[in-house]
Amino acid sequence: MKFLTKEIKIALSAICAIALLIYGINFLKGINIFQSNNVLYVAFKDISGLAESNPVYASGYRIGTVHKIEYDYAHPGNVYVAVEIEKGMHIPEGSYAELDAQMLGGVTMNIILGQSPRMLTPGDTILGGPHKGALDKAANMVPKIEEMLPKLDSVIAGVNAIVNNPATMQILQNTAALTEELKTTTHTLNKLMVGDINKIAANLEPATEHLNSISEKLDQIDYAATITSVNQTLNNLQEFTNNLDKGITPLLSSLNSNNSTLGLLMRDRQLYDNLTNTASSADLLLQDLRNNPKRYVHFSIFGKKDK
């Protein structure tokens with residue numbers, strides 16, 4: 001221990017104090033110098049407010065810190081931020097970073113994780129940009145709104161012309177009258193549904209039961225036997241018709257023939273005239289008999305008189 005002079009002890013104490021100071025400063029910054037971390041790079045166009053040792057979050061959980069910020073002088077306008085990621089944290093491909101300004105000052109970096117099953121390796125670069133809040137989205141909509149204003153003025157003018165048109169008021173009045181009529185009709189239909197529909201349903205129930213009984217009786221009918229009976233009746237009717245034709249044909253032939261008695265009676269004109277004259281004479285005789293019965297019949301109690 002002769003070599004540990006007072007000066008050496010003071011030097012060792014100073015070195016330990018400096019090491020502890022460095023460790024404490026890095027610890028306060030969120031940097032653990034004894035832990036091996038992954039380093040990813042994020043490419044930004046603007047990092048306003050971002051500083052080294054700022055925390056980095058993913059899904060609200062702190063996964064690392066900003067380790068170093070470098071400006072790309074070879075390509076002006078690009079800034080690369082080195083981010084130390086915890087060893088157990090794996091960032092999927094397709095992830096990107098957003099800078100979110102805090103209310104009390106300062107900027108935090110949020111990494112929006114991608115959905116790819118493949119993971120980034122240390123040294124890879126992802127894209128970054130500012131977080132677009134509601135105000136930023138509204139600001140982006142201002143140019144589109146300015147383009148829409150002239151069309152909106154035309155639309156408002158057209159709406160005013162329609163509203164101030166007397167025909168519009170007439171249409172509204174007609175619509176109100178139609179609405180009142182529909183209300184009355186609906187009220188009437190409600191009464192019908194409550195009263196008459198129930199009566200109709202009650203009357204339909206016996207009819208339905210009667211139809212069911214008829215259906216059951218129809219199911220019991222032997223349709224095959226009925227059809228057979230109908231066919232037999234039709235065949236008998238056909239046979240009767242054929243026999244009737246056979247009987248009428250000779251009769252018609254006899255009536256049309258001059259060699260038969262019926263034919264002579266039906267076709268002899270002189271016989272017809274004689275019968276007609278005889279009928280007329282008989283009619284005259286009967287009339288004279290009614291008018292002058294004494295010419296033909298004489299009744300006498302005392303005997304016959306000489307005329």
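In table form, for the structure just shown:
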{"read-out": "Considering residues of the stretch 61-78 that are within 59 Å of the chain's Cα centre (by Cα) and of a type in the set (Ser, Thr, Tyr) only, the residue surrounded by the most Cβ atoms within 10 Å (Cβ to Cβ)", "value": "THR65"}
{"read-out": "Filtered residue count, the stretch 86-111, keeping only those that are in a strand (DSSP E or B), of a type outside the set (Ser, Thr, Tyr) and open to solvent by 60 Å² or more (accessible area, probe 1.4 Å)", "value": "1"}
{"read-out": "Filtered residues of the stretch 207-225 (kept if in a helix (DSSP H, G or I) and open to solvent by less than 90 Å² (accessible area, probe 1.4 Å))", "value": "ALA207, THR208, ASN212, SER213, ILE214, SER215, LEU218, ALA224, ALA225"}
{"read-out": "The stretch 142-156 residues that are open to solvent by 100 Å² or more (accessible area, probe 1.4 Å), paired with ones that are of a type in the set (Gly, Ala, Ser) and in a helix (DSSP H, G or I) (beta carbon under 9 Å, 6 or more apart)", "value": "none"}
{"read-out": "GLY129, sole failed condition from (1) touching a residue at least 24 places away in the same chain (Cβ under 8 Å); (2) open to solvent by less than 30 Å² (accessible area, probe 1.4 Å); (3) touching a Gly at 6+ places or on another chain (Cβ under 9 Å)", "value": "(3)"}
{"read-out": "Selection status of THR228, open to solvent by less than 80 Å² (accessible area, probe 1.4 Å), modelled with pLDDT of 75 or more and not aliphatic (A, V, I, L, M)", "value": "no"}
{"read-out": "Some residue of the stretch 12-25 being within 30 Å of GLU93 (Cβ to Cβ), at pLDDT 80 or above, hydrophobic (A, V, I, L, M, F, W, C) and surrounded by 10 or more Cβ atoms within 10 Å (Cβ to Cβ)", "value": "no"}
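The values are calculated or read from the model by the stated rules, or taken from the named source; none is laboratory data. As the structure is a prediction and not an experimental result, all values here were calculated from the model. Ideal geometry is used to build each Cβ from the backbone, glycine not excepted, and the neighbour counts take in all protein chains shown. When the accessible area is computed, the model is the full protein with side chains, heavy atoms only, and any ligands, DNA or RNA have been set aside. Shrake-Rupley method; radii C 1.70, N 1.55, O 1.52, S 1.80 Å.
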